[in-house]
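Worksheet for the structure shown next.
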Amino acid sequence: MVTANTTAPLAAEPLGQHSERDLTSMRKSRSLWSNALRRLRQNKMAMAGLLFLGFLVLVAIFAPLIAPHNPIKTDVAAAGTYRKAAWLSDPNPLRTGSWDYPLGTDSIGRDVFSRLVYGTRVSLIVGFIPMVVILFIGVPLGLIAGYVGGRLDNLLMRLTDVVYAFPALLLAIIMQISFRDYAVGKMLNGLVLLFISLSIVNWTGVARLVRGETLSLKEKEFVEASKTSGAGGLRVIAKHILPNALGPIIVAAAFIVPGAIISEAVLSYLGVGVRPSTDLDAPFPTSWGQMILDGSKSYTAQSWMLIAPSIAVALITLSFTFVGDGLRDALDPKQSED
């Protein structure tokens with residue numbers, strides 16, 4: 001009787017201690033994320049980048065309301081004249097700027113400003129969709145390779161090395177040229193093929209990053225405690241490893257987007273990016289890369305055909321870089337004790 005009475009409290013005590021430990025861990029995790037958010041808000045450059053990106057999202061959504069003209073429709077009166085920007089004059093009345101065309105027109109009378117507004121859609125979607133695909137491939141591979149280890153880790157990492165050996169931009173150019181005239185190359189004016197081309201090899205960096213984080217985290221005490229309590233591999237990964245690896249993953253994602261935007265601009269400049277559209281109702285009628293290509297051919301006649309999209313690409317890339325730097329500083333574990 002005495003033995004039974006003394007063992008009951010001893011069996012219940014570890015459960016209470018374990019519950020209290022979990023609550024403390026949850027509070028600490030919540031505090032880390034709240035501190036990271038506070039540090040991000042204090043980073044003026046990162047907040048400026050976020051505000052500008054939010055502005056571009058609104059421009060992309062409300063492009064039909066913002067653009068004064070259809071970006072595909074030509075103006076017969078302005079065709080071949082390269083109307084200048086609104087604040088510029090010219091001896092030829094047809095070339096003198098007008099606020100009906102704030103940034104002037106191109107060689108066939110299309111409004112440059114309207115094309116710039118609609119080009120925002122392509123740049124944003126080309127940045128985010130490949131980023132999601134890259135994370136969808138790289139994160140699971142990195143988690144599995146790092147957690148399981150052994151032969152599977154070696155096999156996945158050798159596969160990653162083989163894919164990494166292919167030059168990303170060169171492979172994208174080859175894919176664009178090879179499949180451009182097939183059905184997949186014509187979907188959404190070539191955007192679907194562009195997503196595949198930009199994602200097919202660029203996941204390797206994320207996979208390596210996540211594998212390294214997983215190798216480090218799986219040796220931690222809380223992971224070992226979870227294994228000891230009988231948690232399966234998937235539960236350990238989903239509940240402990242992935243949440244603690246989110247910081248580096250988020251930072252990596254922020255830097256993937258500007259790389260994809262620049263790659264699209266380069267491919268379009270080379271003439272193998274987004275396909276030119278002739279549909280007046282097309283949701284993605286043009287891209288900034290296409291505009292840079294057209295502007296490079298007509299710079300002396302209408303400089304804003306080149307200047308405007310070049311500035312747009314530079315600003316969106318700079319904004320994502322500021323956000324990425326801000327996230328990296330905010331999620332830095334060394335600053336968690338501030």
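Laboratory data are not the source of any read-out in this text; all were calculated from the coordinates shown. Not measured: the values here are computed from a predicted model. Here the Cβ is made from the backbone with ideal geometry for all residues, glycine too, and neighbour counts use every protein chain on show.
Things to note:
- Measuring between their Cα centroids, segment 119-154 and segment 262-338 lie 22 Å from each other.
- Each residue in Met187, Met305, Met291 was given a count of other beta-carbon atoms within 10 angstrom of its own, and listing them fewest first yields Met187, Met291, Met305.
- With Cα atoms as the point set, the radius of gyration and Dmax of segment 107-223 evaluate to 18.8, 67 Å.
- For segment 169-191 versus segment 47-115, the inter-centroid distance based on Cα atoms is 29 Å.
- Pairs of Lys in the chain closer than 18 Å at Cα, counting only those 8 or more apart or on different chains: 10
- A Stokes-Einstein calculation at 20 °C with viscosity 1.002 mPa s, built on the Kirkwood radius of segment 235-277 over Cα pairs, returns a diffusion coefficient of 168 µm²/s.
- Average silhouette area of segment 201-282, convex hull of alpha-carbon atoms, in square nanometres: 8.1 nm²
- Point-charge dipole on Cβ atoms (K/R +1, D/E -1) for the chain, about Cα centre, debye to 20: 160 debye
- Here the mean projected area of the convex hull built on the C-alpha positions of segment 31-111 is 7.6 nm².
- Highest average packing first - 143-154, 88-99, Cβ atoms within 10 Å: 143-154, 88-99
- Convex hull volume of the C-alpha atoms in segment 67-161, normalised per residue: 133 Å³.
- Label-point separation in nm, Ser216 to Phe128, each point 7 Å along Cα→Cβ: 3.0 nm
- Shown for Thr286, Thr120, Thr105: other C-beta atoms within 10 Å of each C-beta, ranked fewest to most, produce the order Thr120, Thr286, Thr105.
- Alpha-carbon Rg/Rh ratio, for the chain, with Rh computed the Kirkwood way: 1.14
- Evaluated at q = 0.12, 0.14, 0.17, 0.19 Å⁻¹: base-10 log I(q)/I(0), Debye formula over Cα of segment 187-338: -0.70, -0.83, -1.02, -1.15
- When the P(r) is computed for segment 194-241, the part past 17 Å accounts for 47% of the Cα-Cα pairs.
- Candidates Val210, Leu152, Gly142 compared by Cα position along the dipole of the chain: farthest toward the positive end lies Leu152, with charges placed on Cβ.
- On the beta carbon distance between Ser178 and Leu246, with R0 = 35 Å, the FRET formula returns roughly 0.45.
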